Amino acid sequence: MPPGSGEWSGGRRVCVVTVRRYGLVGLAVGALLWSAGCGLQEPSAGAGGKGTEGGTTAGTAPAALEELTVQEEGGKDGYGRERFGSAWADVDGNSCGTRDDILKRDLADVVYKDGDDCVVASGTLRDDPYSGEDVEFRRGASKVDIDHLVALSDAWKKGASQWEPAKRIAFANDPLNLLAVNAGPNRAKGDGDAAKWLPPNEAYHCAYVAGQVAVKKKYGVWVTPEEHSAMRAVLDGCPREELPEGDAPTRAPDRFSAR
């Protein structure tokens, strides 16, 4: 391969200089190429980010799944919605309840109640992630739910029963764990984990499982062996699925309380 030639590897140009053949001339050319962003190296065999065990890539949902604790779920004794605080608490202090925050984020053509820029009166959920359909939202007669990707009772059985109330309140109101969805499929889900329920819309399976993994990693919620296997089966089909991120605190302000 002559000096200055190269090939693309992983989205960047890798320039290869055969130093043995061109001696000092090759070194000089190599120095020029290095300054232009090319290395004196053979092209790497693979592309993409930093690898991890099992062929996954760091920063992806499959890699994060392998970091979760795997153990059997605990009991549901002591669980109640009130253990996660009052519903849709304004933990971010923007003067709007969490439910309206998510409706504003996820709906199109939003109309507010009586000119209030906080209370959503109507809108359209386009391409609902659970069904793939467009769903109309009308306050008081809605076919749109706000789903906890990781159900509160599922979290309770897998670590949340031991948390401080402030962490449970944050978990229940974290936008990372919330999604506007078609009410029908959501109510069929109940509190099922990935081993028990996946959205009817198969095209959303990878993103759905990645979202659950992100929430469980952020809060330290564990997964059962069956759940881990189900998640792995989905993510095997999308090994580079990105892990969603969210910067909401994992502790609610002290002005909120839960039983």
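Provide a single number: the residues in region 40-68 that are open to solvent by 80 Å² or more (accessible area, probe 1.4 Å) and modelled with pLDDT of 50 or more.
2
Restricted to region 117-171, and to residues that are among the polar types (S, T, N, Q) and within 24 Å of the chain's Cα centre (by Cα), which residue is farthest from P253 (Cα to Cα)?
Initial filter on region 117-171 (among the polar types (S, T, N, Q)): 122, 124, 131, 142, 153, 161-162.
Filter again for within 24 Å of the chain's Cα centre (by Cα), leaving 124, 131, 153, 161-162.
On the way: T124: 32, S131: 35, S153: 22, S161: 19, Q162: 19 Å.
Restricting to residues being among the polar types (S, T, N, Q) and within 24 Å of the chain's Cα centre (by Cα), the top hit is S131.
Test E136 against the stated conditions and say whether it is in a helix (DSSP H, G or I) and in contact with a Lys or Arg (Cβ under 9 Å, 6 or more places away or on another chain). I'd like the intermediate steps shown before the answer.
On the way: in a helix (DSSP H, G or I): no; in contact with a Lys or Arg (Cβ under 9 Å, 6 or more places away or on another chain): yes.
So E136 does not fit the description; no.
If a residue has to be open to solvent by 20 Å² or more (accessible area, probe 1.4 Å), among the polar types (S, T, N, Q) and in contact (Cβ under 8 Å) with a residue 12 or more places away in the chain to count, how many in region 123-166 make the cut?
Within region 123-166, residues that are open to solvent by 20 Å² or more (accessible area, probe 1.4 Å), among the polar types (S, T, N, Q) and in contact (Cβ under 8 Å) with a residue 12 or more places away in the chain number 3.
A172 is checked against (1) surrounded by fewer than 21 Cβ atoms within 10 Å (Cβ to Cβ); (2) under 21 Å from R83 (Cα atoms) and fails just one. What number does that condition carry?
(1)
Given the options G85, G78, name the one that is at pLDDT 95 or above, on the phi > 0 side of the Ramachandran plot and open to solvent by less than 20 Å² (accessible area, probe 1.4 Å). Talk me through it step by step, then tell me what you get.
Values: G78 fails: open to solvent by less than 20 Å² (accessible area, probe 1.4 Å).
G85 is the lone residue from the list that is at pLDDT 95 or above, on the phi > 0 side of the Ramachandran plot and open to solvent by less than 20 Å² (accessible area, probe 1.4 Å).
Does region 178-192 include one or more residues that are within 23 Å of R105 (Cβ to Cβ), open to solvent by 40 Å² or more (accessible area, probe 1.4 Å) and either part of a helix (DSSP H, G or I) or of a type in the set (D, E) (or both)? First the steps, then the outcome.
The initial filter retains those residues of region 178-192 that are within 23 Å of R105 (Cβ to Cβ), namely 178-187, 189.
Now narrow it down to the ones that are open to solvent by 40 Å² or more (accessible area, probe 1.4 Å): 184, 187.
When the remaining residues are screened for being either part of a helix (DSSP H, G or I) or of a type in the set (D, E) (or both), the result is 184, 187.
Yes.
Can you report the number of residues in region 246-258 which are under 22 Å from G59 (Cβ atoms), out of contact with any helix residue (DSSP H, G or I) (no Cβ under 7 Å at 6 or more places or on another chain) and either open to solvent by less than 70 Å² (accessible area, probe 1.4 Å) or touching a residue at least 24 places away in the same chain (Cβ under 8 Å) (or both)?
Of the residues in region 246-258, 0 are under 22 Å from G59 (Cβ atoms), out of contact with any helix residue (DSSP H, G or I) (no Cβ under 7 Å at 6 or more places or on another chain) and either open to solvent by less than 70 Å² (accessible area, probe 1.4 Å) or touching a residue at least 24 places away in the same chain (Cβ under 8 Å) (or both).
Is it true that P239 is over 19 Å from S153 (Cβ atoms), within 15 Å of the chain's Cα centre (by Cα) and touching a residue at least 60 places away in the same chain (Cβ under 8 Å)? Even if it seems obvious, please write down each step before you answer.
Working: over 19 Å from S153 (Cβ atoms): yes; within 15 Å of the chain's Cα centre (by Cα): yes; touching a residue at least 60 places away in the same chain (Cβ under 8 Å): yes.
Against the criterion (over 19 Å from S153 (Cβ atoms), within 15 Å of the chain's Cα centre (by Cα) and touching a residue at least 60 places away in the same chain (Cβ under 8 Å)), P239 qualifies.
Kindly list, by first and then second residue, each pair from a residue in region 72-87 that is within 15 Å of A170 (Cβ to Cβ) and touching a residue at least 24 places away in the same chain (Cβ under 8 Å) to a residue that is assigned to a loop (DSSP other than H, G, I, E, B) and among the basic types (K, R), limited to pairs with Cβ atoms under 8 Å and residues at least 6 apart or on different chains.
R83/R259
Before we move on, is G93 out of contact with any helix residue (DSSP H, G or I) (no Cβ under 8 Å at 6 or more places or on another chain), under 20 Å from A248 (Cα atoms) and touching a residue at least 40 places away in the same chain (Cβ under 8 Å)?
yes
Would region 64-80 turn up any residue that is under 25 Å from the mean Cα position of the chain (by Cα) and among the basic types (K, R)?
Looking for residues that are under 25 Å from the mean Cα position of the chain (by Cα) and among the basic types (K, R), one finds none in region 64-80, hence no.
What number of residues within region 88-101 satisfy the criterion of being surrounded by fewer than 20 Cβ atoms within 10 Å (Cβ to Cβ) and among the hydrophobic types (A, V, I, L, M, F, W, C)? I'd like the intermediate steps shown before the answer.
Step one: filter region 88-101 for residues surrounded by fewer than 20 Cβ atoms within 10 Å (Cβ to Cβ), giving 88, 90, 92-97, 99.
Restricting the remaining residues to those that are among the hydrophobic types (A, V, I, L, M, F, W, C) gives 88, 96.
Count: 2.
The values are calculated or read from the model by the stated rules, or taken from the named source; none is laboratory data. Being a predicted model, the structure only gives us computed values, none of them experimental. Glycine also receives a Cβ, built like all others from the backbone with ideal geometry; neighbour counts cover every protein chain displayed. Protein only, heavy atoms only, side chains kept; ligands, DNA and RNA dropped before computing areas. Shrake-Rupley method; radii C 1.70, N 1.55, O 1.52, S 1.80 Å.
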